[in-house]
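Notes follow the structure.
The values are calculated or read from the model by the stated rules, or taken from the named source; none is laboratory data. Being a predicted model, the structure only gives us computed values, none of them experimental. No Cβ is skipped: glycine too gets one built from the backbone with ideal geometry, and neighbour counts run over all protein chains shown. Calculation scope for accessible area: heavy atoms of the full protein, side chains included, ligands and nucleic acids excluded. Shrake-Rupley method; radii C 1.70, N 1.55, O 1.52, S 1.80 Å.
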Amino acid sequence: MSASEQVLGDLAEIVMGTSPPGASYNYERVGDPLLNGPTEFGPRHPFPALYTTAARRFAQPGDLLFCVRGSTTGRMNWADRHYAIGRGVAAIRGRTASETAFLRAAIELALPGVLAGATGSTMPNLNVDAIRRIPVPTNPNRERVGAILGVIDDLIENNRRRVEVLEEMARAIYREWFVHFRYPGHGGVPLVDSPLGPIPGDWAVRRIGEIATTTAGPFGSKLGRKDYVEDGVPVIRGTNLRVGGGFDESDFVYVARTKADELNSSSAYRGDLVITQRGTLGQIGLIPDESRHERYVLSQSQMKATAEPSAACPEFLYRHMSAPETTARFVSQSLISGVPHVNLTLLREFEILAPPVELQNHFGGVVRVLDQNAWRCRDQVRALTHVRDLVLPRLVTGRVDVSHLHLDALPEAAIA
């Protein structure tokens, strides 16, 4: 340890989790919520599912939750309430909330070296001594630095929550119109039988190939890691799609434009629906009009569907295909010898609801406003995360002077 560093054990209380007796576990919310590892971790706070009536160690509200065992060692969350903590989790508690935020940043900075020295033949494990020895730069402005990082984290979290609310609003409108059939003008329209169950009499069931053109990613060795470059045309992979729907621009790889031109038949554009055909089925995303790029290349594990304007609206096609009941039916039809796999034939032959295109377009106009606002919030998250990653090392090590900053000038929520 250098003269410019302290260790975590000098600055924080560290509580190592201990697993309660298995007989005390329950899912009926009896007792205390139990965290045994990062399975319950969310973007910021946990979402507990398991409870215990015989808790032995606790995390307090405001504690840093730190995974100490297995492949997820080093993952962190904030405790928003009292939690029972099992042996896979430690609670780290500074003197104040702002100091705890500073200590989290210091841990992030030191984490690669900490994990490299962790015990365990195949998976890293950290004991209390290893955690206590985590180096923390000596910085007399820990409170101020923690408060600054708290402001950034609060802004990131607020934007994430806005995205969740906007997405839930769009899902609710979809279900109201196309699951419960309470759409504008539904009065007096009788339900009739169809291959997908009762539907309004002026709706239909059609195959995707009838209402959209479909294309698969390049086959075989036409695209691989050897083709990736630092900049160019982005490649859509599974990491850019979410299970249940979503398009993420934060983790692209790129190919040269000449390579993209060679693979032009596998290009995707704004308004295209992208669907995973192997790997984690159920990943699906709509390339929005607000996306940063006009053109993309599909990876070998992706397909696209381009809605025919006279027959389908992209926003409806996306919401319908990403609805849980549709996804479950799509995946169930994809089992080939027990292995999930989708090909273009299955996609083209897959039957979906086809309401009148005028109703689909009405729905598209309504949810497009929500989608645009959600996309702006995601952009804010990306930008703020980039800023946080950029300034964190400079703030923690004191290379940025914040001694002149008055804590009273920061939002109260950041230092509470």
inquiry  = For segment 1-45, place one equal point scatterer on every Cα, skip the solvent, and apply the Debye formula. What is log10 of I(q)/I(0) at q = 0.18 Å⁻¹?
reply    = -0.78
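At a threshold of 8 angstrom on Cα-Cα distance, excluding pairs fewer than six apart, so keeping six or more, what relative contact order does segment 143-291 reach in percent?
On the way: 139 pairs, mean separation 22.4, N = 149.
Relative contact order, segment 143-291: 15 percent.
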task = Compute the distance in nm between two label points, each set 7 Å from the Cα along the Cα-to-Cβ direction, one at VAL179 and one at VAL30.
result = 3.1 nm
remark   = The rounded separation in angstrom of the Cα centers of segment 39-67 and segment 223-276 is 37 Å
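For segment 214-367, what does the alpha-carbon gyration tensor say about shape, rounded, prolate or oblate, given a ≥ b ≥ c as the root eigenvalues, a/c under 1.5 as rounded, and a/b over b/c as prolate?
Numbers: a/c = 1.92, a/b = 1.30, b/c = 1.48.
Cα axes put segment 214-367 in the oblate bin.
Filter the chymotrypsin sites (Phe, Trp or Tyr not before Pro) in segment 117-225 to those in DSSP coil with at most 12 other Cβ atoms within 10 Å of their Cβ, and list the result.
Working: sites: TYR174, TRP177, PHE178, PHE181, TRP203, PHE219; in loops: PHE181, TRP203, PHE219.
Filter output for segment 117-225: PHE219.
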remark   = Residues whose built amide H sits under 5 Å from the amide H of GLN302, excluding neighbours closer than 5 in sequence, are GLY217, GLN277
Within a Gaussian network of the chain (alpha carbon springs, distance under 10 Å), most fluctuating of PRO190, PRO218, PRO355 = PRO190
note = Scoring the chain by relative contact order with C-alpha pairs under 8 Å, at least six apart, yields a percentage of 16 percent
inquiry  = Under the rule of at least 5 residues apart or a separate chain, name every residue whose amide H is placed under 5 Å from the amide H of ILE284.
reply    = ARG242, GLY244, GLY245, GLY246
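Out of segment 11-75, which GluC sites (Glu not before Pro) are coil in DSSP terms and have no more than 11 other C-beta atoms within 10 Å?
Taking segment 11-75 and a limit of 11 other Cβ atoms within 10 Å, the loop GluC sites (Glu not before Pro) found are GLU28.
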message = Please check: in the Gaussian network model of the chain (C-alpha springs, under 10 Å), which one of ARG399, ARG161, ARG175 has the largest mean-square fluctuation.
response = ARG399
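Provide the gained length on full extension for the span THR53 to HIS386, in nm with one decimal, where the gain is 0.36 nm per separating residue minus the Cα-Cα distance.
Numbers: separation 333, 0.36 × 333 = 119.88 nm, distance 4.17 nm.
Extending this stretch completely gives an extra 115.7 nm.
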remark   = Excluding residues fewer than 8 positions from LYS304 in its own chain, the lysines with Cα under 18 Å of it are LYS222
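Could you size up the charge dipole of the chain around its Cα centre, putting +1 on the beta carbon of Lys and Arg and -1 on that of Asp and Glu, and report it in debye to the nearest 20? Let's see the in-between values first.
Details: 45 positive and 46 negative charges, 179 e Å.
The dipole of the chain has a size of about 860 debye.
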task = Would you tell me the accessible area of HIS82, worked out with a 1.4 angstrom probe on the heavy atoms of the protein chains, in Å² to the nearest 10?
result = 100 Å²
key: Amide H within-cut-off set for VAL89, under 5 Å, with H built and near neighbours excluded   = GLY17, VAL68
remark   = So for R0 = 51 Å, FRET eff. of ASP231-THR397 from the Cβ-Cβ r, to 0.05, ends up at 0.95
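Counting helices only, and only those DSSP H runs with n ≥ 4, report the 222 nm mean residue ellipticity of the chain as the sum of -39,500 (n - 2.57) divided by its residues, in deg cm²/dmol to the nearest 500.
Values: 11 runs with 144 residues, N = 416.
Theoretical 222 nm ellipticity from helices: -11000 deg cm²/dmol.
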key: Peptides ranked, highest mean first, by Cβ atoms within 10 Å: ranges 302-312, 243-253, 94-104   = 94-104, 302-312, 243-253
task = Take the Cβ-Cβ distance between VAL192 and ARG133 as r, set R0 to 51 Å, and report the resulting FRET efficiency rounded to the nearest 0.05.
result = 0.15
ask   = To the nearest 0.05, how large is the calculated FRET efficiency for ASN264 and ASP289 if R₀ is 22 Å and r is the Cβ-Cβ distance?
value = 0.55
task = Calculate how steeply helix 142-178 sits against the longest principal axis of the alpha-carbon atoms of the chain, using the helix alpha-carbon long axis, and give the answer as 0 to 90 degrees to the nearest 10.
result = 20 degrees
message = Accessible area of the chain with a 1.4 Å probe: how many percent of it is carbon plus sulfur?
response = 53 percent
note = Looks like segment 139-282, by Cα gyration tensor root eigenvalues a ≥ b ≥ c and the a/c under 1.5 rounded cutoff (else prolate when a/b is bigger than b/c, oblate otherwise), is oblate
